[in-house]
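Undergrad: Structure provided below as structure tokens; questions to follow.
The values are calculated or read from the model by the stated rules, or taken from the named source; none is laboratory data. Keep in mind that what you see is a predicted model, and the values were worked out from it rather than measured. Backbone-built Cβ (ideal geometry, glycine too); neighbour counts: all protein chains shown.
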Amino acid sequence: MKVGIFGGTFNPVHYGHLRAAEEVREKLRLDKILFIPSGKPPLKTREIASARHRYEMLRIAVKGNPFLELSDIECRKQGKSFTVNTLEALKNINLGTEFFFVLGIDAFLDIPHWWRPEQLVSMTDFIVISRPGLSFGAMRESPYLTSGIKLLRDVDRFRNVTNVIKLKTNRYAILLRLTPIGISSTEIRKCIRQGKSIKYLLPPEVHSYIITHKLYKKS
Ligand code: ATP
Ligand code: MG
């Protein structure tokens, strides 16, 4: 069984996340994608909806897609959770499952600021997905890469280039170009604060949930 772990704040979940999950699963023939919304995140503290709301919006969003699942392993906990601990726990209860950690280029570049980054990069393989605004070339700044800028640039330029790169830990990262969807949760929250429409940026049921629970309004 091959499973993609897709962590994030999902504050709120949007079509950028959902379409990415669907394309990653299909292109790499994974059995499923497991969304793991963070609990109280270590790095983001401002204007963040409660873990319960973020979990519930994800639940509504993935309902009806048998390949997209949701885990409360992080958000049911009090306090911060760290990706290394989450992955360790998932591996221990799913022996025989091959896990891939799915994240955008922006998030991959952020790993050095996470808890025990070297341990994280040693314990899993990665699927790094494209995101408008950042090219794979930007990954040359990452301390975990062994390959040079040329290969990264080729992934940006050519569709069918071999896109598996080795990391210094002997783990590897699959670089995957997806349909570019320039949506971010930050932008959605900003629209809500400014009273602008967020229609068609996320599923209508999630939109309704945000309205019902008056999320992301000015405090
Ligand atoms: P925020 O603006 O609050 O940071 P976000 O839109 O970046 O929200 P996150 O919950 O931070 O969403 O992201 C979770 C994961 O999804 C990250 O790995 C991020 O790179 C990826 N991701 C988010 N939006 C997109 C998108 N539009 N296309 C591809 N990947 C995305
Ligand atoms: Mg983000």
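Undergrad: Would you point out the residue of the range 199-219, among those that are of a type in the set (A, V, I, L, M) and not in a helix (DSSP H, G or I), that is surrounded by the most Cβ atoms within 10 Å (Cβ to Cβ)?
TA: Here the answer is Leu202.
Undergrad: Hey, could you check the range 185-198 for residues that are surrounded by fewer than 18 Cβ atoms within 10 Å (Cβ to Cβ) and within 22 Å of the chain's Cα centre (by Cα) and say which is nearest to ligand 2 (Cβ to nearest atom)?
TA: Here is the first cut: in the range 185-198, the ones surrounded by fewer than 18 Cβ atoms within 10 Å (Cβ to Cβ) are 186-187, 190-191, 193-197.
Retained after the next criterion (residues that are within 22 Å of the chain's Cα centre (by Cα)): 186-187, 190-191.
Numbers: Thr186: 7, Glu187: 11, Lys190: 13, Cys191: 16 Å.
Looking at the filtered set, the residue picked out is Thr186.
Undergrad: If you check Glu187 against the conditions, is it under 26 Å from Gly64 (Cβ atoms), assigned to a helix (DSSP H, G or I) and within 16 Å of ligand 1 (Cβ to nearest atom)?
TA: Numbers: under 26 Å from Gly64 (Cβ atoms): yes; assigned to a helix (DSSP H, G or I): yes; within 16 Å of ligand 1 (Cβ to nearest atom): yes.
The answer is yes for Glu187.
Undergrad: Count, please, the residues in the range 122-157 that happen to be of a type outside the set (D, E, K, R) and assigned to a helix (DSSP H, G or I).
TA: Initial filter on the range 122-157 (of a type outside the set (D, E, K, R)): 122-124, 126-130, 132-139, 142-149, 151-152, 155.
Now restrict to residues that are assigned to a helix (DSSP H, G or I): 122-123, 136-139, 149, 151-152, 155.
Of the residues in the range 122-157, 10 are of a type outside the set (D, E, K, R) and assigned to a helix (DSSP H, G or I).
Undergrad: Kindly list the number of the only condition in (1) away from ligand 2 (no atom under 16 Å from the Cβ); (2) touching a residue at least 12 places away in the same chain (Cβ under 8 Å) that fails for Val164.
TA: (2)
Undergrad: Just to confirm my filter: which strands (runs of 3 or more DSSP E) fall fully inside the range 1-86 and include at least 2 residues that are within 11 Å of ligand 1 (Cβ to nearest atom) and surrounded by 14 or more Cβ atoms within 10 Å (Cβ to Cβ)?
TA: Values: elements: 2-8, 32-37, 68-70.
Because the criterion is at least 2 residues that are within 11 Å of ligand 1 (Cβ to nearest atom) and surrounded by 14 or more Cβ atoms within 10 Å (Cβ to Cβ), the strands (runs of 3 or more DSSP E) in the range 1-86 that meet it are 2-8, 32-37.
Undergrad: Would you say Thr169 is farther than 28 Å from Tyr216 by Cα, at pLDDT below 95 and in a loop (DSSP other than H, G, I, E, B)? Please lay out each step first, then the result.
TA: On the way: farther than 28 Å from Tyr216 by Cα: yes; at pLDDT below 95: no; in a loop (DSSP other than H, G, I, E, B): yes.
Here the answer is no, as Thr169 does not meet what is asked.
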